[in-house]
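Asks: First the structure, then my questions, so here it is.
The values are calculated or read from the model by the stated rules, or taken from the named source; none is laboratory data. This is a predicted model, so every value here is computed, not measured. All Cβ positions, even for glycine, are placed from backbone atoms using ideal geometry, and neighbour counts span all protein chains on display.
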Amino acid sequence: MGQTLAEQILSRAVGHAVRSGDLVVVRPDVAMGHDSLTPSIIDIMQQELHIERVHDPERIVLAIDHIAPASSVGTANYQNAIRTFARQQGIRLFEAGRGISHQVLIEEGIARPGRIVLGSDSHSTSYGAVGAFGSGMGSTDIALIWGTGHIWLRVPETIQIDVRGRFRPGVDVKDLALKLCRELTIEGATYACVEYHGLEWLSLPGRQVLASMAVELGAKAGIVPPSGEVAERFPVPEWLFVDAEASYKRRVRVDLHRLQPQVAIPHAVDHVVDLSDVAGEPVSVVFLGTCTNGRYEDLRTAASLLRGRRVAADVRLLVTPASSHELQRATADDTLTTLLTAGAVLGSPGCGPCMGRHQGTLGDDDVCLSTGNRNFKGRMGSPGVPDLSRLSGRSCGDRGARQDRGSA
């Protein structure tokens, strides 16, 4: 019997064939911790599990990306504790300014096809962009991995997304991700793996969008088969392939030539409408960034729309590159200069305003059009939203962006 990509990867990890529903104990190739949760992970490992040293520092990666650089004395102290821990334990640490952990682990080749890459962040599904089994876990689970080197998983069922055709002008991969949220809903793939087929031509950045947003469907993992650009950049194991005999929980077909620009409106990731339904509504903030849409291609698209223009006087444009590499790419040509000339405010590479704690927190009356992955109430700032009777936001050319009101 054939196997899905998730079944293949987990079978390889345990040394025998597994099927959806099986419980397995695996040794992850990588377990990532970021600055917001690493202090609690350390405490759980050392104080509750009574394990002083990590099992294998070569399989652990730390990143300071959520509040980078530190925004308060308390945050600085926590981050210094992370630095001390990394130094004492011999763990690789990506410093503030290097970028969002998910982007960095792919850039550094730490996430690779066939690997199991787990992290203390829900969007660790991002690693499926290169054909890895990527998934987010809580602090206790990550502490257990750090301390013992192992964790248990239930092998997920898989939903196949069969993509046909190509995007029309003005439509892009974020619209596809939002359309899937609209059709499957936030619970449509709960503890499943979403497998995206028919995208051999899709760039790595586009694959990162889909894999990152798999968790918005409730998915345990989201995997794009490692083909095209990914297969050229990363070694793909011979045992990892799309098996025509694989069994899927559900198959969903999407015709790209029929896809319209999409936007998520308050207060749920699956509350998605056609962009034309909200066009003309005012915004006060536009945020371009996050692990979903903070790469060079996104910055370049925005720059092409803003060249020779200025951001409106009553609108603030926040730009936060996903990594230092993406920032350098935007600096190498006129992309960054164009954005700054248009009135953009540049943030340090990292998560930035995405979770409402740094470099652009929203106020009660702010209306934000965000390229991020979530629009929950309070996500980007104050949870006190005074009026949701109007749909807020219009696209400023950033296709498929999500829309937040008072940090939805």
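Asks: Taking the stated definitions as given, is ARG166 in contact with a Leu (Cβ under 6 Å, 6 or more places away or on another chain) and part of a loop (DSSP other than H, G, I, E, B)?
Replies: Judged against the criteria, ARG166 is a match.
Asks: Please state which of the following conditions ALA244 fails to meet, knowing it meets all the rest: (1) among the aliphatic types (A, V, I, L, M); (2) in the same structural domain as GLY119 (by TED's automatic domain parsing); (3) not in a loop (DSSP other than H, G, I, E, B).
Replies: Just one mismatch for ALA244, condition (3).
Asks: For ALA303, work out the one condition from (1) farther than 18 Å from VAL285 by Cβ; (2) at pLDDT below 95 it doesn't fulfil.
Replies: Just one mismatch for ALA303, condition (2).
Asks: In the range 23-82, which residue that is among the aliphatic types (A, V, I, L, M) and part of a helix (DSSP H, G or I) is farthest from the chain's Cα centre (by Cα)?
Replies: Among residues in the range 23-82 that are among the aliphatic types (A, V, I, L, M) and part of a helix (DSSP H, G or I), the one farthest from the chain's Cα centre (by Cα) is VAL73.
Asks: If I ask for residues that are within 17 Å of ARG87 (Cβ to Cβ) and without any contact (Cβ under 8 Å) to a residue 40 or more places away in the chain, which ones from the range 43-58 would you list?
Replies: Answer for the range 43-58, where residues must be within 17 Å of ARG87 (Cβ to Cβ) and without any contact (Cβ under 8 Å) to a residue 40 or more places away in the chain: GLN46, GLU52, ARG53, PRO57, GLU58.
Matching residues to (1) aliphatic (A, V, I, L, M); (2) closer than 17 Å to THR292 by Cα:
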{"site": "SER203", "(1), (2)": "no, yes"}
{"site": "ARG207", "(1), (2)": "no, yes"}
{"site": "ALA211", "(1), (2)": "yes, yes"}
{"site": "GLY218", "(1), (2)": "no, yes"}
{"site": "GLY222", "(1), (2)": "no, yes"}
{"site": "PRO225", "(1), (2)": "no, no"}
{"site": "VAL236", "(1), (2)": "yes, no"}
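Asks: While we're here: Restricting to the range 1-22, count the residues that are free of Cβ contacts under 8 Å to residues at least 40 places away in the same chain and either of a type outside the set (A, V, I, L, M) or in a helix (DSSP H, G or I) (or both).
Replies: Residues meeting the conditions: 4.
Asks: Output yes when any residue across the range 235-250 is among the charged types (D, E, K, R) and exposed (fewer than 14 other Cβ atoms within 10 Å of the Cβ), and no when none is.
Replies: There is at least one residue in the range 235-250 that is among the charged types (D, E, K, R) and exposed (fewer than 14 other Cβ atoms within 10 Å of the Cβ).
Asks: Can you go through ASP270, ASP277 and tell me which one is assigned by TED's automatic domain parsing to the domain that holds ALA322, out of contact with any helix residue (DSSP H, G or I) (no Cβ under 6 Å at 6 or more places or on another chain) and of a type in the set (D, E, K, R)?
Replies: None of the other options fit; the residue is ASP277.
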